[in-house]
C-alpha cells in the first residue's frame, strides 16, 4: 500500500502530522510519500523542515526552479500539471488531498479517478467561515462526493462536509494537532520569566482577522475596571497592522501594561507559555487555531472566540476556559475580570486544559489517517 499526502507547504505543524502518519504506516507496512506544492514559506516564517522527515518528500515547484511562480492564484494551476506527472511516477493507492478548491487538489482528484486510486480530502473548512452561495455549494458538493473519505479538524468541520453530502461515517477527525510534549509545563516551567507579574497571553499575526484592536479595546476596559490589580497583556507576533496597534496602545495610555515582543520562533515562545496566567484568542474568522492547542498543552486556561474552529472541540465551558463573541467587547472584558479575580480555581482549569488536549495528539492524526484509509478501502 502506497499512500501520498499533499500539502501546499510543509511547515512545522505538517512535520508533526507527517511523522505521526509515518509511524502508523510503518506499523502497517505501508509506504508513505509527502508532496508539497512549494518550498516557499508563503505567509509563515517557519523555515525548512524537510531534512527532519524520515520519508520521501517531493516538491512540485521549488523556489529555485524556473517554473516557480510567486503569484498564489497561478502557481497552483501550474502545480496541478506537475502533480499529475509526479503521481504517474509514484503510482500511489491512496492520495490525501489539501482541500478541494486549490488547483492542485482538483488535479489530484482527477488523477485518482483516472488511475483508480482512492482520494481522501483533508479539510478545516466550516460553514460559517464565509458567506455561502448556493450554486458554489452545489459545485463543492459535487467535488466532495468524489472523495472516498475525509480527515477533518473537529465537529464543525465534520458537520459542514456532511451537509455537503459526504456520509458522516466517511469523515474522521484528528487533522488539527500539535506536538503537545514540546509545551508540557514540566518541560518549560524552568525557563526564564519574561515578565515578573501575571499576564494574559495572545499570539497572532498582526492581520485584520486576528481582531487585535478588539482585544486591546477589551483590555483597556478591563484595566479601567480593575485598576492597579490588573494583569498585563503580552501580544506576541508581528505583521502589517503593527503601526496601528502601537498607536492604539499609545492613545489608550497602555504602553506600560501591553507588551509587544514581536515575532518569536517556537523555542522563543516557550517562556511566554510557561509563565502566562491565561491565553486569549480573539479571531473573527479562524478555521481552527492551533495556537490554542499549544496554550492548552502548556496548561493554560483559555478564552477563545466562538468563531474559531477549535472552540467546540477544545474549550470545555467553565472547566478549562470560556468562549466569547468576538464582536462583544463587554463579554470579553467581563471574562478577563473573572479569570483574574481570584474567585476561580485556575490551577484546576490549567489541569483540565492539559488533560483535555492529550486527546488531540499526533497519534490522533495518525489514527484518523489510518481510519480514513481503511474506510476508503472497505467502500471502494
I'm checking my understanding of the structure. Among residues of the stretch 149-167 that are closer than 19 Å to residue 373 by Cα and buried (at least 22 other Cβ atoms within 10 Å of the Cβ), which one is farthest from the chain's Cα centre (by Cα)? 166
Does residue 10 count as touching a helix residue (DSSP H, G or I) at 6+ places or on another chain (Cβ under 6 Å), surrounded by 17 or more Cβ atoms within 10 Å (Cβ to Cβ) and either closer than 30 Å to residue 206 by Cβ or at pLDDT below 85 (or both)? no
Exactly one of (1) touching a residue at least 24 places away in the same chain (Cβ under 8 Å); (2) under 18 Å from the mean Cα position of the chain (by Cα) is unmet by residue 249. Its number? (2)
Can you say whether residue 365 is in contact (Cβ under 8 Å) with a residue 40 or more places away in the chain and within 20 Å of residue 291 (Cα to Cα), as far as the supplied structure shows? yes
Only one of 218, 283 is closer than 18 Å to residue 176 by Cβ, surrounded by 21 or more Cβ atoms within 10 Å (Cβ to Cβ), in contact (Cβ under 8 Å) with a residue 60 or more places away in the chain and touching a helix residue (DSSP H, G or I) at 6+ places or on another chain (Cβ under 9 Å). Can you tell me which? 283
Tell me whether the stretch 170-193 contains one or more residues that are touching a strand residue (DSSP E or B) at 6+ places or on another chain (Cβ under 9 Å), in the same structural domain as residue 128 (by TED's automatic domain parsing) and assigned to a helix (DSSP H, G or I). yes
Quick one: residue 295 ticks every box in (1) assigned to a helix (DSSP H, G or I); (2) surrounded by fewer than 24 Cβ atoms within 10 Å (Cβ to Cβ) bar one, so which box is it? (2)
Taking the stretch 315-346 and the residues there that are closer than 28 Å to residue 184 by Cβ and more than 26 Å from the chain's Cα centre (by Cα), the one that is surrounded by the most Cβ atoms within 10 Å (Cβ to Cβ) would be 340
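The values are calculated or read from the model by the stated rules, or taken from the named source; none is laboratory data. For clarity, every value in this text was computed on a predicted model and none was experimentally measured. Don't worry about glycine lacking a Cβ; one is built from the backbone with ideal geometry, like all the others, and counts go over all protein chains shown.
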